[in-house]
1. Under the 0.36 nm per residue contour assumption, what length would be gained going from the current alpha-carbon distance of Ala245 and Gln278 to full extension?
2. Considering amide H positions built from the backbone, and no H for Pro or chain starts, which residues 5 or more places from Asp279, or on another chain, come under 5 Å of its amide H?
3. Name the residues whose placed amide hydrogens come within less than 5 Å of the amide hydrogen of Asp234, ignoring near sequence neighbours (fewer than 5 apart) on the same chain.
4. Fewest first, what order do Ser200, Ser133 take by the number of other Cβ atoms within 10 Å?
5. For Gln61 and His227, calculate 0.36 nm times their separation in residues minus their Cα-Cα distance, and state this gained length in nm to one decimal.
6. Neighbour counts of other C-beta atoms within 10 Å: give me Lys66, Lys255 arranged from fewest to most.
7. Simple spin-label model, 7 Å along Cα-to-Cβ: Glu214 to His87 in nm?
8. Quick one: which residues, 5+ away or cross-chain, put their amide H under 5 Å from the amide H of His44? H built at 1.01 Å from N.
Amino acid sequence: MVHEDEASGAADASGIEVPPGARNAGADPTLDDGESRAPAGERHVTRVVVWDTPAAVECGQRFAVKVGVTCASRCTLAGRQLEVRDHADERRATAALDEQRWPGTDALYHAEVTLVAPDAEGLYTWEAAAPASAGAAPAGAAGRGDAAESGDPAESGDPAESGDPAESEDAAASGDAAATKGPAVPHARGSARFGVRVVSAPACLLTVVATHAEGGNPVEGARVVAHPYRAVTDERGVAEMRVPAGEYRLFVSGKGCVPVRFDGKVTADTTVRAELTQDRELSDADIWS
Ligand SMILES: [Zn+2]
């Protein structure tokens with residue numbers, strides 16, 4: 001489901017461009033046939049990629065992903081609609097593809113889509129899709145939903161109106177003629193799935209009070225890390241972080257001080273007192289690099 005060359009940003013075997021870090025390219029293996037040009041009169045193959053998905057989202061929070069769409073025949077797709085459907089096949093958002101191609105590509109169009117995470121924790125599989133388009137055929141010539149679902153080869157002969165092969169080729173080649181209104185040739189539905197990991201909002205306030213072991217003065221500017229949360233102590237030597245209930249491993253490091261580690265469990269608001277010892281042998285950089 002994920003292209004092996006995803007990190008390269010280069011065109012893959014089928015000539016479809018994938019931006020650096022893009023995931024879930026080619027989610028529909030039936031379309032991943034390496035064919036770069038649809039025969040005249042058939043629907044163009046549309047590929048969808050999703051990238052910049054967050055590692056995790058808190059319940060009910062907004063987040064954004066980037067969705068890219070490419071036509072295998074390199075049509076101009078500016079302004080074309082796409083949609084995101086959730087695990088229950090409910091539409092969560094629609095967006096229009098940007099007018100500009102993704103930098104460094106000649107056929108990848110994208111949209112940033114803002115979404116809202118479900119209210120319950122879990123790992124959800126959502127889908128970004130570029131719905132099938134009927135091209136220049138009169139409205140209603142092709143049953144949008146049905147055609148989109150089936151992908152049945154028998155469908156390809158169906159929109160006879162769209163059929164002038166010469167016209168299709170021109171539109172695909174010149175591109176500009178089809179801008180904004182969408183390409184004049186019919187396009188098959190393309191889609192890609194992506195994961196949405198929803199986590200509960202951190203419920204506990206973890207307070208760290210950092211003091212010098214000698215004298216008890218507060219340590220200002222000490223770094224506090226309980227991965228992936230981090231904070232820095234203020235002039236009172238205090239740092240506060242919201243963390244989920246559960247196990248934690250906490251590191252406190254002050255400039256010129258020996259780092260201190262705490263392992264524990266937090267089930268409610270908790271205060272950790274860190275007494276830092278001056279270390280004149282090693283610098284901070286020595287320890288943390
Ligand atoms: Zn096309």
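1. Gain on extension, Ala245 to Gln278, equals 8.7 nm.
2. Correct list: Cys257, Val258.
3. The answer is Gly221, Ala239.
4. Ser200, Ser133
5. Stretched fully, the Gln61-His227 segment lengthens by 57.7 nm.
6. Going from sparsest to densest Cβ surroundings: Lys255, Lys66.
7. So the two model labels end up 5.6 nm from each other.
8. His187, Ala188
A short reminder: the numbers here are calculations on the coordinates, not readings from a lab. Every value quoted in this text rests on a predicted model; they were computed, and no experiment measured them. Methodologically, a virtual Cβ is constructed for each residue, glycine included, from the backbone with ideal geometry; neighbour enumeration extends over all protein chains shown.
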